[in-house]
Amino acid sequence: MNILKQSMTVALLAGCFLTLPVLAADKAAGEQKSATCAGCHGAGGKSSNAQFPILAGQQPTYIVNQLKAFKSGNRHNSMMEGMAASLSDDDMDNLAAYFSSQPAVKAGGDAALAKAGQAKAAMCLGCHGEAGAGNGQFPRLAGQHPDYLVKQLASFKDGARKNGQMQGMATTLSEEDMKVLAAYFGSL
């Protein structure tokens with residue numbers, strides 16, 4: 001029991017230290033830098049195009065981690081790899097601070113599919129937080145474009161997008177499961 005408490009304390013402290021740089025970031029500088037992001041992700045990160053994720057209200061640590069993954073080539077998307085290549089660590093922190101400070105939006109989703117997805121969503125909430133609001137390094141799913149979420153789940157399932165935990169989860173999902181989960185989270 002003592003070891004469990006110590007492990008949980010260490011994990012909690014590590015999580016706090018991992019978010020410190022983002023918390024100290026300059027939102028105003030992030031807002032200025034975000035002008036180059038607006039063409040795809042929309043003003044304030046409120047994308048209206050399901051090809052591009054909504055960044056408004058997203059977890060700052062997740063944003064930084066994804067930008068670093070694009071920059072290093074660990075996550076593949078030719079446009080994002082090019083965009084991230086010129087970003088400094090401070091730029092990434094500032095962008096994350098700005099986008100995460102924006103009010104979250106709701107992309108919506110088919111109501112019948114969303115209702116079916118609600119019953120399956122519990123398997124996602126352990127990592128993605130209560131009501132899919134995100135949790136540190138785990139992204140906010142709530143309000144995201146359903147078509148974008150389906151595409152990401154399919155990419156995890158077929159191995160195009162790498163993350164052991166998500167790949168494991170996605171392999172258990174049918175196409176219908178992906179659609180109903182995405183509709184549910186998009187509706188939140």
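No lab work stands behind these numbers, since they all come straight from the coordinates. Please read all numbers here as calculations on a predicted model, not as lab measurements. Here Cβ is always computed from backbone atoms with ideal geometry, including for glycine, and neighbour counts include all displayed protein chains.
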Practice item. Pull out a ≥ b ≥ c, the square roots of the eigenvalues of the alpha-carbon gyration tensor of region 31-128, then state rounded if a/c is under 1.5, prolate if not and a/b is larger than b/c, and oblate in the remaining case. Key: prolate
Point to revise | Integer Hz, Karplus 6.51/-1.76/1.60 couplings in order for region 34-49, x for Gly and Pro | key: 5, 4, 6, 8, 4, x, 9, 8, x, 4, x, x, 9, 4, 9, 10
Revision key, fill the gap. Here region 50-66 yields Karplus 3J(HN,Hα) values (6.51, -1.76, 1.60; θ = phi - 60°; whole Hz; Gly and Pro given as x) of 5, 5, 10, x, 6, 9, 4, x, 6, 5, x, 5, 5, 4, 4, 4, 6
Review point. How do 63, 54 rank when sorted from fewest to most other Cβ atoms within 10 Å of their own Cβ?
Key: 63, 54
Exercise for review: For region 110-119, take each phi angle, set θ = phi - 60°, evaluate the Karplus expression 6.51 cos²θ - 1.76 cosθ + 1.60, and give the result in whole Hz per residue in order, putting x for glycine and proline.
Suggested key: 4, 4, 5, 5, 4, 5, 5, x, 4, 5
Check your understanding: What is the distance in Å between the Cα centres of region 112-188 and region 38-106?
Key -> 19 Å
Exercise for review: Working from the alpha-carbon coordinates of the chain, get Rg over Rh, Rh being the Kirkwood radius.
Suggested key: 0.97
Review point. Between residue 143 and residues 5 or more places away or on another chain, which pairs have amide H atoms under 5 Å apart, with H built 1.01 Å from N, and which residues are they?
Key: 107, 186, 187, 188
**Study point:** Rel. contact order, % - alpha carbon contacts under 8 angstrom, at least six apart, the chain
**Key:** 24 percent
Point to revise | Extension gain from residue 88 to residue 163, taking 0.36 nm per residue of separation minus the Cα-Cα distance | key: 24.6 nm
Check your understanding: Taking square-rooted eigenvalues a ≥ b ≥ c of the alpha carbon gyration tensor, is region 111-187 rounded, prolate or oblate, where a/c under 1.5 means rounded and, failing that, a/b exceeding b/c means prolate?
Key -> oblate
